[in-house]
Each structure stands twice: as structure tokens, then as C-alpha cells.
Amino acid sequence: MPRFIARRLLSTLPLVVLVLTATFAALHIAPGDPVRMYLGPGADAAAGAELRHAWGLDRPWAIQYAAWLGDFVRGRWGVSLAQHRPVVRVLSDALGPTLLLTGLSLALTYAIGIAVGALQAARRRTALDTGITAVTTVVQALPAYVLALALVLVFAYGAALWGWPDLLRLPAFGAESVAADFLPPARRLADRARHLILPVTTLTLIGAAGIARFARSSLVDALRQPFVAAARARGLTNGRVLARHTLRTAFLPLVTLLGLQLPALFSGVVFVEAVFAWPGMGRVAVQAVLARDYPVVMAVTAVFAVLVVVGNLLADVAAAALDPRSEAVA
Amino acid sequence: MSGGVVRDLLRDRRALAGGLIVAAAVSAAVLGPLLLGPAPVALEDVVARRFVPPLGATPDGVLHLLGTDRFGRDLLRRLCEGARVSLAVGILAALAALAIGVTAGSVAGFAGGIADRAIVAVVDAALAVPRVPFLLLLVALFEPGVPLVVLALGLTGWMTVARLVRAEVRGLRRRPFVEAARSLGAGPARVLGRHVLPNALAPALVAAALGVGNAMMLEAGLSFLGLGVQPPTASWGNLIAAGREALVTAPWVALAPATAVALVVVGFSLLADSLEAALAGERATG
């Protein structure tokens, strides 16, 4: 296993370098001179030349690239042009909330998705199965921002309008209430949890619909295998066959699917954070784009990509742990 | 595509539903602005005309099926105008992705060796980049607008097509009919273009069909964030963004374009699902 992880890590490295290279290239292909943008149109040439030298932009691009890569690896990501503080600080403030949001919804996505898929596989070709398939097909295709706005409309505005109980009136903006600093610890925790509900629900519903579709088809396939017939022949009940024999085999592709889900999740989170004003990486990215804050945009893209690559690595390791045969293939 | 696939598609209720939705959107885009007549050049008394609810009438007695927005513009007309932009962006982006993906995939699958490994590495790297953050990067660096959105969506959406085409081409290139074409003296370009590719395109077309819906969803998303198609040009995304400001007082302004995006994306994914099933069926029987 350690050798497998080492080999996988080695094959991952070029991928990360390629992504970073693409990010660097995109910045340098783009029109516009960062020095002119930083100083404004009226600045004199001497100040421009000085800044250009200070930023190292007068060096050959190969050296700039090597220096940028070196700095990036060591965590020197420059200074945000809009916030005037280190990019590392901007991102480390935002990373936590995003990981909380995505991690929580990923866990729920798999738990709910597999449960729904298993229910459908157990009751396959019934009205219930068809009905759920129709729902998951639609929900999976819903854009995150549409679902998010619909939830805000119902649970934030509608709940107040129709006089729903307080428990169902959910906050639609931010990670905590304005007065959160003055709440006692327990109330503060509850306040944060309530703020999580709508954003997590948005991401979870869309993700779980996709997992349920996948889990259903892979479970239905697994139920056709000879070992299922053998288990049935031994007199095991339907539920026991599903739980003990097929879920295990059907679980493997789901773990691999995790790696493919991550990019979609990190795309969805950008919209969800934008709608719910969640103080995470997606919101930082959108604000940085609007402010033309290049260092932040580049760093966010790279961090998202690295998160996906690391997630893929973990998924592969988990798959190898579940099924030793896949170690040999990779 | 053979008759079997078409027959399977006609029998599939998913294809019917998806086809109807997409056809409705296309006809709204093409016919809508024509049927509704030219847009009024000036709107008088915005305060009296704005936020008329669906099926309501403005003081001049004109009925507005979907109501009006905050400038008193007819929402149905804006929706049809937006459909033109959104559909055009979606289809063009899917075509761009198809072009890039087919080129990369067929070269990788046909040439093999170093070219194959290099292209596969680029595909893997591109798949690791979450699409929306990378789109944000492109939008930040260049001028936002329709051409950029099409290009950016094409550049971030070709990998699935490339993988599918590569796999198909690899499977086909050692088949007897390809050997035969080669032994008759056909050059690599001709063998690839005339003999291999036509047989390798079916899965790529499915991916492209799904790509249209995805591209429309992302275009609407970017425009929703204010980073895509810029107002006053209507796109479903910036219509949703405009409606979001009045979500409490006039929810219909956001609901109409949001429903439109959701429906069309579902429509395209239903079409892609049934096309995939039909092609799989053909492969199993044929």
C-alpha cells in the first residue's frame, strides 16, 4: 500500500505542475499590463519601470515562470491588489468555510444518495422507483443557483410571509448572524448550524440525485451477479442480500466517482456561496474577478485544482483499500 | 446513425419529453420576438408599468402574460430574447467543445505514442480543474461578453468528447476495414477522416448534446454572477440576476427565467440519456 500511494503521488505531481503552468500562461496571454493597471493611466514612466523591476516583470518569461512556480510551492502567493493583504491570508480565511460546506454536503450526498439508490434497487420497476427516478433526473439537472434561489424564496421569505414556525424560518445570508459575537457559545453554535442548512441542502440535493441514479444502476447490475443468486439460494432475505453482498461491490465505483464529483462540487459551491453570501473561496473568487484582483483569482483556481487532485488521490487510495486488485492496475 | 437508433428514440418517452422541451425553447427563441412585434422604443411612466404580475395589464391596456420587470418591460419578450442568446451560446459552445474534443481525441487515439500520452496528460489536467473557477479566471483576464463566454465554455468542455473519441478510435484503428483502406494506399488523414471518424462519432454526439444543456446552465450562471452576457442584452442568467433584486416583491421576474433554464437543462439531459440508451441498445444488438 505505501508503494501504491507513493507511485500515485508521483503520477499526480506532473498534473499539478501542468495546472499551475496553464494558470501562469493564462495570465500572461491575457491583454492588459498589471503595472499600468496598478498605477493608473496618469503614472510616470520611471515609477512604472521601478515597479516592473520590483515585481520582476522585466525578466525573461522562463525565469519569471520558474520564480512564480517556486514562490507558489513555498506559499508566497503575492499580495491581493484589492484587499492589500497577503493572498495566503485571504485564502486561508476562506478555505475553512468552503471545506465545511463542501465536506458536510459531500458526506450527506453519499449517505442520502446511496440510501435512495438502494431503496430504488430493492423496489426496482415499481411506481416508487419510477417516481424517484423522475425526481432525481430533474433535481440533478437543476442549476445550483436556481435551486438556491428557490430555497431562499420558500424558507427565508415565504416562511416569514406564511407565518411558519421559527424552526422553519432559515437565514439566507452569511455564515452567522450579525449579532453572533454577543451570543453565548451554545446559541452561537446553533446559529451557525442554522446558517449552514440552506447552502448545504442546495449542494446535497443536486449531488445526492446524481449519486442515487448511479447507485441504483450499479446496484441493479450487482443484483444480477451469480453470487446474489447463490446468497438467495442459501435463504437470505432481500434486505440482507442487498446490505451484505451487493452494496460492497457496488460501493467501489461510487468511491471512484467521488474523484469525478469533486470538480462539479467545487463549481456548484461558487454559485451557492454567491447566493448565500457564504464567506468562502467561491465568493472570494467572484469578488476578485469583479475587482480584477489577478493574484487572488489565480491562487483560488490553483487551490481548487489542487483540492480536486488531492481528492482524486484519496479516492484512489480508498478504492485500493476496498479492492486490492485496483492497486495493480493503477 | 442507423434506423434502429431513431426507432428506439421515438419509442422512448424521455426522448419525447426532452425533444418537446428543447423544441419549445428553440421555437420561442426563433418565433417569439417575431410574433411579439418590435420592442417599444420608449417606455412611458415606468412606475405605473413596472412589476405588473403575470396575466396583468399595464395602464395602456396591454396584457402581459408573464408580467413586467422593473423597467416595465414585458417579461415574455425578454425571455424570448434571452432564449436566443442562451441557446446560441449553448449550441456554439458545444460545437466548439466538439471540434476541440474530436481533434484532440482522434489524434491521440490514431497516432498513439508520445502524442497520445501528451494529450491524455492534458485531458487529465484539464479534468482536474473545476470548471466554474477556471471560467472565472478567463473572464477576469479578458473582456466579458458573448464571444468570450462561448470560447471559455468550449475550452473547458471538450475533455469528455476527447476521451470518448480517443477510446473509439483506438478500438477501430486495427479493424480489418481500416487495414484495407490503408493497404489501398489511403494516407493517414484520409483513413482517419473517411473511415475511422465516422464510426467513432456517436458517443461524442451524445456528450455534445449533454454539453449544450451544461453550457447553457454555465452561461446563465456566469451571467447571473454578472460576469457573462452583459445587460441590456438579455440572457436567462442576467434576467435571473435582475429578478433576484425583486425576489420578495415580484418573485415572478426571477421565477420565469429560472424555470426556463431548469426546464431546458432537464430537456437536454433527457435527450442525452435516451440517446445514450438507444446507442447502447444498438451496440448490444448490432
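For B:L279, the criteria (1) under 25 Å from B:L16 (Cβ atoms); (2) within 11 Å of chain A (Cβ to nearest Cβ) hold in every case but one, which is (2). Restrict the check to region A:112-127 and report whether at least one residue is within 14 Å of chain B (Cβ to nearest Cβ) and surrounded by 13 or more Cβ atoms within 10 Å (Cβ to Cβ). Within region A:112-127, not a single residue is within 14 Å of chain B (Cβ to nearest Cβ) and surrounded by 13 or more Cβ atoms within 10 Å (Cβ to Cβ). When A:A150 is tested against the conditions (1) within 16 Å of A:A209 (Cβ to Cβ); (2) more than 10 Å from chain B (Cβ to nearest Cβ), the lone failure is (2).
Just one of the listed residues (B:L155, B:L148, B:L135, B:L164) is part of a helix (DSSP H, G or I), within 12 Å of chain A (Cβ to nearest Cβ), buried (at least 20 other Cβ atoms within 10 Å of the Cβ) and of a type outside the set (D, E, K, R), and it is B:L135. A count restricted to region B:251-267 and to residues that are farther than 22 Å from A:I206 by Cα and within 9 Å of chain A (Cβ to nearest Cβ) stands at 1.
Take B:L271 and tell me if it is buried (at least 24 other Cβ atoms within 10 Å of the Cβ), more than 10 Å from chain A (Cβ to nearest Cβ) and over 23 Å from B:L148 (Cα atoms). For B:L271, the condition - buried (at least 24 other Cβ atoms within 10 Å of the Cβ), more than 10 Å from chain A (Cβ to nearest Cβ) and over 23 Å from B:L148 (Cα atoms) - is met.
What do you reckon, is A:L252 in contact with an Asp or Glu (Cβ under 8 Å, 6 or more places away or on another chain), more than 27 Å from A:L142 (Cβ to Cβ) and not small (G, A, S)?
Working: in contact with an Asp or Glu (Cβ under 8 Å, 6 or more places away or on another chain): yes; more than 27 Å from A:L142 (Cβ to Cβ): yes; not small (G, A, S): yes.
Yes.
Looking for something free of Cβ contacts under 8 Å to residues at least 60 places away in the same chain, more than 23 Å from B:L263 (Cβ to Cβ), surrounded by fewer than 19 Cβ atoms within 10 Å (Cβ to Cβ) and of a type in the set (G, A, S) - is there at least one such residue anywhere in region B:93-108? Yes, that holds for at least one residue.
Is it true that A:F214 is aromatic (F, W, Y) and closer than 25 Å to A:L262 by Cα? It would help to see each step written out before you state the result.
On the way: aromatic (F, W, Y): yes; closer than 25 Å to A:L262 by Cα: yes.
Here the answer is yes, as A:F214 does meet what is asked.
Out of A:T137, A:T130, which single residue is surrounded by fewer than 15 Cβ atoms within 10 Å (Cβ to Cβ), out of contact with any strand residue (DSSP E or B) (no Cβ under 9 Å at 6 or more places or on another chain) and within 11 Å of chain B (Cβ to nearest Cβ)? Show your work before the answer.
On the way: A:T137 fails: surrounded by fewer than 15 Cβ atoms within 10 Å (Cβ to Cβ).
Exactly one of A:T137, A:T130 is surrounded by fewer than 15 Cβ atoms within 10 Å (Cβ to Cβ), out of contact with any strand residue (DSSP E or B) (no Cβ under 9 Å at 6 or more places or on another chain) and within 11 Å of chain B (Cβ to nearest Cβ), namely A:T130.
When B:V248 is tested against (1) within 9 Å of chain A (Cβ to nearest Cβ); (2) surrounded by 23 or more Cβ atoms within 10 Å (Cβ to Cβ), just one condition goes unmet, and that condition is (2). Of all residues in region B:219-227, one or more are more than 17 Å from A:A148 (Cβ to Cβ), part of a helix (DSSP H, G or I) and more than 10 Å from chain A (Cβ to nearest Cβ).
Does B:L270 satisfy the condition of being assigned to a helix (DSSP H, G or I), under 15 Å from the mean Cα position of the chain (by Cα) and of a type outside the set (S, T, N, Q)? Break it down into steps so the answer makes sense when it comes.
Values: assigned to a helix (DSSP H, G or I): yes; under 15 Å from the mean Cα position of the chain (by Cα): yes; of a type outside the set (S, T, N, Q): yes.
Yes.
Scanning region B:234-250 for residues that are in contact with a Gly (Cβ under 9 Å, 6 or more places away or on another chain) and at pLDDT below 85 returns a single hit, B:A250.
Put simply, of A:P41, A:P2 the only residue that is closer than 30 Å to A:R325 by Cα and more than 25 Å from the chain's Cα centre (by Cα) is A:P2. Per the conditions (1) out of contact with any Phe, Trp or Tyr (no Cβ under 9 Å at 6 or more places or on another chain); (2) in contact (Cβ under 8 Å) with a residue 24 or more places away in the chain; (3) crowded, with 21+ Cβ neighbours inside 10 Å, the sole criterion not satisfied by A:V241 is (2).
If we keep just the residues of region B:68-77 that are part of a loop (DSSP other than H, G, I, E, B) and either among the basic types (K, R) or modelled with pLDDT of 80 or more (or both), which is surrounded by the most Cβ atoms within 10 Å (Cβ to Cβ)? Give the steps one after another, and end with the answer.
First pass over region B:68-77, keeping only residues part of a loop (DSSP other than H, G, I, E, B): B:69-73.
If we keep only those that are either among the basic types (K, R) or modelled with pLDDT of 80 or more (or both) too, we end up with B:69-70, B:73.
Numbers: B:D69: 25, B:R70: 16, B:R73: 20.
Restricting to residues being part of a loop (DSSP other than H, G, I, E, B) and either among the basic types (K, R) or modelled with pLDDT of 80 or more (or both), the top hit is B:D69.
For region A:238-330, the helices (runs of 4 or more DSSP H) that sit wholly inside it and include 2 or more residues that are within 13 Å of chain B (Cβ to nearest Cβ) and at pLDDT 80 or above are A:247-276, A:281-290, A:294-322.
The values are calculated or read from the model by the stated rules, or taken from the named source; none is laboratory data. Given the structure is predicted, the values throughout are model-derived calculations rather than measurements. Cβ atoms come from the backbone with ideal geometry, glycine included; neighbour counts cover every protein chain shown.
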